[in-house]
Amino acid sequence: RQAVADGILGEVVHVESFLGYALAGQFGSVVAADRDHWVHRLPGKLIHNVVDHLLNKITEFVSAEATVHARAWQREPDRHAAPRMADELRVMIFDGDVSAFATFTSHAQPLAHGLVVYGTRNSARLDFESGTIVFGSTSALPGPFGRLSRTLGQSLQHFRQGTKNAVGFVRSEYHALAGLNFLIGAFYDSIREDTPVPIPYEDILEVAAMTDIVLTQVANDA
């Protein structure tokens, strides 16, 4: 957001949100095996439970008038003991000169959770699993020297991000729920100090509205 606000990326052209899910993981295995799990009672089942994590990174880049195309399916119907449940979702979004893709997958490995924002000046790649943000590298050098320079530029960014995360680890700030802890703390601070909430309510409503559109389109698939 700061990079966009500072003009580092220029005008946003395209956004890609990606979310991987472990069906055999701590939560997924329970949902897949238990026919009475509450997730199966949601209109969109598994997708209904996770789609906001996929869409909340896109809505701020497109308007409420954006055109949305969504499709969901179950990749391996005979794999689960539980009732039929879509475990793959693809969403295409078009809003004037801005487009966005959203991918939810329960089968691609390794698990990934990321966002890529492409702009007219630069691009940014966020990896929420490793906690890194890396910008595109350019070089004025010719041929292979330019390609090598770009590779080294990317490597240097990863090194800096890794160093920052190592410091966070030493301070007990580099863990899966660090962001959630920050948001909860910021929310209570907003109550005590009468300041804006960390996630504006308008943003929440935008995500909810797009969620409704996606779930309506995939209702027969989920």
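Here are the numbers:
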item: Flag for S190 being surrounded by 13 or more Cβ atoms within 10 Å (Cβ to Cβ), assigned to a helix (DSSP H, G or I) and over 20 Å from the mean Cα position of the chain (by Cα); result: yes
item: Count of residues meeting criterion [part of a loop (DSSP other than H, G, I, E, B) and either touching a residue at least 60 places away in the same chain (Cβ under 8 Å) or buried (at least 18 other Cβ atoms within 10 Å of the Cβ) (or both)] in the stretch 45-78; result: 7
item: Residues within the stretch 119-164 that are surrounded by 14 or more Cβ atoms within 10 Å (Cβ to Cβ) and either in contact with a Pro (Cβ under 8 Å, 6 or more places away or on another chain) or more than 24 Å from E16 (Cα to Cα) (or both), tallied; result: 3
item: Extreme residue, most open to solvent (accessible area, probe 1.4 Å), among residues of the stretch 31-44 that are assigned to a helix (DSSP H, G or I) and modelled with pLDDT under 90; result: A33
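The values are calculated or read from the model by the stated rules, or taken from the named source; none is laboratory data. As the structure is a computational prediction, the values presented were derived from the model and not from experiment. With ideal geometry, Cβ positions are generated from the backbone for all residues, glycine too; neighbour counts draw on all protein chains shown. Protein only, heavy atoms only, side chains kept; ligands, DNA and RNA dropped before computing areas. Shrake-Rupley method; radii C 1.70, N 1.55, O 1.52, S 1.80 Å.
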